[in-house]
Amino acid sequence: MLGALKWMFGLGLVAVLGIAAGLYFAFFGAGPQITYVTPDLVPIDAGAVHPTDQPPVNLPTAVILPVPFTPQAPLGNWADRQHTCEEASLLMVDRYLHGDHSDALIDPHTADAGINQITTWKPAVDLTTEQVGQVAQKYMGWAYKVLPSDRLNMKQQLALGRPLIVGVRTHGLGNPNYPGYRTHYEQPGYSVSHYLVVIGYDTSDNFVLNDPGLTKGRHYYIKFDQLMHAIDDLDQAYPSLNSGRVFVVMAPFTSSTQ
């Protein structure tokens, strides 16, 4: 008799939980459902009096660009690749602009060869934001713009189908996967100058990163304010790289500016 009562109580409890769950999902859904769009790439019109590359009047609610990913040490040789974040960021964007919309890991040997090539083009070990754009234009054939890193500018450029390259300081990103994040948060040698690619934004004031500083740096979500802190952190720790809150964006030239 006692076993039967327990069985009936168990059935009742399951039924109550099932009804409660049904009511919850009926009213609140299964969680935030974000529909991303992937805008077409718009060339940069840098020379016209009235540019033809204006952003849309009504920005998409959320954007994500399927930019392929590589860490800056694709073969795992991190000790030899401490200063190749610019190269990895440029490589990711270059492949995207050339039509690789796979949103996948670039073959490690292909990525390593590409990084090595870009290294030969760098005018310095650590580049300013302007220098990143100059390398992209001089050696890769892309037009570029350096723009202020405010929410509207970033979203507008992403809505034009253009990934953003941003200079930051690693540990200022708030990503606990960085070595020594909890024990050496702001110490030189642990928290260093860095570049990464912003590939999208969502409805919760997050921006989406492809961060080559980590093996698993693909699609890291970061709040806008945290990203701005990481930029400010770079400027304070590396005065020679201080460009303010800016990013560089690359795209093909329009026919009017070639």
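The values are calculated or read from the model by the stated rules, or taken from the named source; none is laboratory data. Since this is a predicted model, take the numbers as computed values, not measurements. Please note: Cβ atoms are built from the backbone with ideal geometry, for glycine as well, and neighbour counts cover all protein chains shown.
Is it the case that some residue within segment 227-243 is closer than 29 Å to V37 by Cα and among the β-branched types (V, I, T)?
yes
For the residues V135, V125, V168, the requirement of being within 25 Å of H219 (Cβ to Cβ) and assigned by TED's automatic domain parsing to the domain that holds Q82 singles out V168.
At least 3 residues being at positive phi is the threshold, and among the helices (runs of 4 or more DSSP H) wholly inside segment 54-156 not one reaches it.
If you go through segment 92-126 and pick out every residue that is touching a residue at least 24 places away in the same chain (Cβ under 8 Å) and closer than 18 Å to A143 by Cβ, you end up with 7. Inspect all residues belonging to segment 185-201 and state whether any of them is surrounded by fewer than 22 Cβ atoms within 10 Å (Cβ to Cβ), under 20 Å from Y36 (Cα atoms) and touching a residue at least 12 places away in the same chain (Cβ under 8 Å). Looking for residues that are surrounded by fewer than 22 Cβ atoms within 10 Å (Cβ to Cβ), under 20 Å from Y36 (Cα atoms) and touching a residue at least 12 places away in the same chain (Cβ under 8 Å), one finds none in segment 185-201, hence no.
When segment 213-239 is filtered for residues that are closer than 20 Å to P68 by Cα and modelled with pLDDT of 95 or more, the ones remaining, listed by number, are G213, L214, T215, G217, R218, H219, Y220, Y221, I222. Residues in segment 134-155 that are under 17 Å from T119 (Cα atoms) and either surrounded by fewer than 21 Cβ atoms within 10 Å (Cβ to Cβ) or touching a Lys or Arg at 6+ places or on another chain (Cβ under 7 Å) (or both): Q134, V135, Q137, K138, Y139, M140, G141. Checking the stated criteria, L158 turns out not to satisfy the condition of being farther than 21 Å from I222 by Cα, in contact with a strand residue (DSSP E or B) (Cβ under 7 Å, 6 or more places away or on another chain) and buried (at least 18 other Cβ atoms within 10 Å of the Cβ).
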